[in-house]
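Visitor: Please read through the structure below; I'll follow up with questions.
The values are calculated or read from the model by the stated rules, or taken from the named source; none is laboratory data. As the structure is a prediction and not an experimental result, all values here were calculated from the model. Note that each Cβ is placed from the backbone with ideal geometry, even for glycine, and that neighbours are counted across all protein chains shown. Each accessible area value is taken on the protein alone, full model and side chains, heavy atoms only, with ligands, DNA and RNA left out. Shrake-Rupley method; radii C 1.70, N 1.55, O 1.52, S 1.80 Å.
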Amino acid sequence: IAAFPFLLANLFVAPRLQDRVILAGGSGIGFIGLLLFTALLAASKEDPTHSSSILNYGSYLVCWWAIALGWNIASTITMSLLSKQLPPEWNGWTSLAIQYSNYTGRVTGAIWGGSGVKVGMLNYVGLDIAIAGIAGTLFMVLWRDLKAKKG
């Protein structure tokens, strides 16, 4: 419910922006949410007597909201961007590959999400940040190649 207005606004903003900008922006919002969550976890470890005031429902909600909003915006662009980059006759197979990739990511994400308490939340978020860092590096390297028509 909290992210819905922003996702709805994305429908009106998306035709005016390049896909690569939306992809980078969504990933950036998700990355900021991960960094904020890491800062909250680190602060609660340093001062365990005040951890209840630092880590509460509201702080978790803000982090989760930023992460969910950012990655949901970024994931809407993959099919659009690839369909504009690859030849039209590849569209069916690439769409299928992207959907399988999205489903695989959701299943492995659910499994990894369930293991967060067991491996430690800082380690859990650290791997997420590392994966987002790899994606950010790829954005920078491939930025010129990701240019496509708007809308």
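Visitor: To the nearest 0.05, what FRET efficiency results for LEU142 and ARG106 with a Förster distance of 22 Å applied to their C-beta separation?
Guide: On the way: r = 24 Å, r/R0 = 1.08.
After rounding, the FRET efficiency stands at 0.40.
Visitor: Distance between Cα centroids, the range 101-151 to the range 57-98: provide it in whole Å.
Guide: 11 Å
Visitor: Rounded to the nearest 500, what is the 222 nm mean residue ellipticity of the chain from helices alone, with -39500 (n - 2.57) per DSSP H run of 4+ residues and division by all residues?
Guide: Details: 8 runs with 120 residues, N = 151.
Value at 222 nm, helices only, nearest 500: -26000 deg cm²/dmol.
Visitor: Among the lysines, which fall within straight-line cross-link reach of LYS147, defined as a Cα-Cα distance under 19 Å, with same-chain neighbours fewer than 8 residues apart omitted?
Guide: LYS84
Visitor: Would you mind checking the tilt of helix 4-13 against the longest principal axis of the Cα atoms of the chain, expressed as 0 to 90 degrees and rounded to 10?
Guide: 30 degrees
Visitor: Just the number: Rg to Rh for the range 1-136, Cα atoms, Kirkwood Rh, two decimals. Kindly include the intermediate steps, with their values, before the conclusion.
Guide: Details: Rg = 17.1 Å, Rh = 16.6 Å.
Rg divided by Rh gives 1.03.
Visitor: Rounded to the nearest 10 degrees, what's the angle between the helix 91-114 long axis and the longest principal axis of the chain, both from Cα atoms, 0 to 90?
Guide: For 91-114 against the chain, the angle is about 10 degrees.
Visitor: Counting only protein heavy atoms and using a 1.4 Å probe, what share of the accessible area of the range 101-151 belongs to carbon plus sulfur, as a whole percent? Could you put the intermediate results ahead of the total?
Guide: Details: 2520 of 3740 Å².
Summing carbon and sulfur atoms, their accessible area is 67 percent of the total for the range 101-151.
Visitor: Determine, for each peptide in 34-41, 1-8, 121-128, the mean count of other beta carbons within 10 angstrom over its residues, then list the peptides with the highest first. Don't skip to the answer; put the middle values down first.
Guide: Values: 34-41: 18.2, 1-8: 10.6, 121-128: 16.2.
Ranked by mean Cβ neighbours within 10 Å, highest first: 34-41, 121-128, 1-8.
Visitor: Counting only heavy atoms of the protein chains, get the accessible area per residue of the chain (1.4 Å probe) and round it to a whole Å² value.
Guide: Value for the chain: 65 Å² per residue.
Visitor: Sorted from largest down, give the three principal axis spans of the alpha carbons of the range 87-139, whole angstrom values.
Guide: Sorted largest first, the three principal extents are 46, 24, 6 Å.
Visitor: A follow-up question, please. Longest exposed-loop-site-free stretch of the chain, with trypsin sites (Lys or Arg not before Pro), DSSP loop and at most 10 other Cβ within 10 Å?
Guide: Numbers: sites that count: ARG144, LYS149.
No qualifying site falls inside 1-143, the longest such stretch.
Visitor: List, in order, the whole-Hz ³J(HN,Hα) value for each residue of the range 71-78 obtained from phi through the Karplus relation with A = 6.51, B = -1.76, C = 1.60 and θ = phi - 60°; use x for Gly and Pro.
Guide: 6, 5, 5, 5, 6, 6, 8, 4
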